[in-house]
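Reviewing the structure listed below.
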Amino acid sequence: DEIATGGHKSLLQQHHFPNIPYGMFSTHDEVEQFLQQHHMIVAKPIFGSTAKDVHVIQSSAEIPDIAFEKYIFEKFIKGREMRYLVFQSKVVAVHEKFYEGLINEPAKVKRIAYPKEQWDEELVQLSQQITDTLFMKFAAVDYLIDDDGKAFVLEVNSSPGLYFFEHPSSGPGITIARMFL
């Protein structure tokens with residue numbers, strides 16, 4: 001599960017962390033204006049998990065018939081998705097997610113674990129700052145790294161799954177369940 005997406009987005013913005021442009025809307029017209037501004041957007045449930053009920057929208061015809069007030073809308077940014085796992089204010093693992101299908105098909109995601117010497121030190125520091133700001137001792141901070149190398153916070157997960165940290169698709173696993181217990 002992730003913390004309420006709208007809540008963490010506003011906190012990230014308030015503290016000047018790198019946020020993906022987003023909006024929360026109540027009407028089809030507002031969503032359509034946001035789409036026109038950004039050309040491609042993503043609708044995510046405010047209280048979502050594992051990319052369930054996520055919609056990628058490229059045209060007005062693709063705007064889903066949903067309760068808009070229960071979703072957050074973000075600019076779609078193509079790039080690499082990285083996950084930094086923070087435990088007791090320290091990053092303990094880093095993964096890159098590779099989607100074999102659509103982003104809303106979490107069963108088709110590969111997670112590549114990186115050894116510590118390959119972690120981005122700026123993102124390590126940023127992940128620790130974000131979780132400290134949100135008073136979280138255990139969380140995963142997900143980033144989207146665009147083609148220019150700029151990092152945006154995608155989401156902050158308050159109870160990330162542990163399995164793929166112990167058993168990544170490739171790369172070093174960690175015994176996070178044992179550490180957590």
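The values are calculated or read from the model by the stated rules, or taken from the named source; none is laboratory data. Keep in mind it's a predicted model, so treat the numbers as computed, not measured. Cβ sites come from the backbone with ideal geometry, for glycine too, and all protein chains shown count toward neighbours.
For segment 122-168, the candidate set comprises residues that are more than 25 Å from R178 (Cα to Cα) and over 15 Å from the mean Cα position of the chain (by Cα); within that set, the residue that is surrounded by the most Cβ atoms within 10 Å (Cβ to Cβ) is T133. Note on segment 10-40: residues that are assigned to a loop (DSSP other than H, G, I, E, B) and on the phi < 0 side of the Ramachandran plot amount to 10. In segment 54-69, the residues that are over 13 Å from K44 (Cβ atoms) form Cβ pairs under 8 Å with partners that are part of a helix (DSSP H, G or I) and of a type in the set (A, V, I, L, M, F, W, C), at six or more places apart or across chains, as follows: S59/L35; S60/L35; I63/V31; I63/L35.
Within segment 41-76, the set of residues being closer than 27 Å to P160 by Cα, in a loop (DSSP other than H, G, I, E, B) and out of contact with any His (no Cβ under 9 Å at 6 or more places or on another chain) comprises I46, F47, G48, S49, T50, A51, K52, D53, V54, A67. Candidates in segment 58-88 are the residues that are in contact with a helix residue (DSSP H, G or I) (Cβ under 6 Å, 6 or more places away or on another chain) and over 27 Å from S159 (Cβ atoms); of these, the one that is surrounded by the fewest Cβ atoms within 10 Å (Cβ to Cβ) is S60. Screening V86 with (1) at pLDDT 95 or above; (2) in contact with a Pro (Cβ under 9 Å, 6 or more places away or on another chain); (3) within 17 Å of A177 (Cα to Cα) gives one miss only, at (2).
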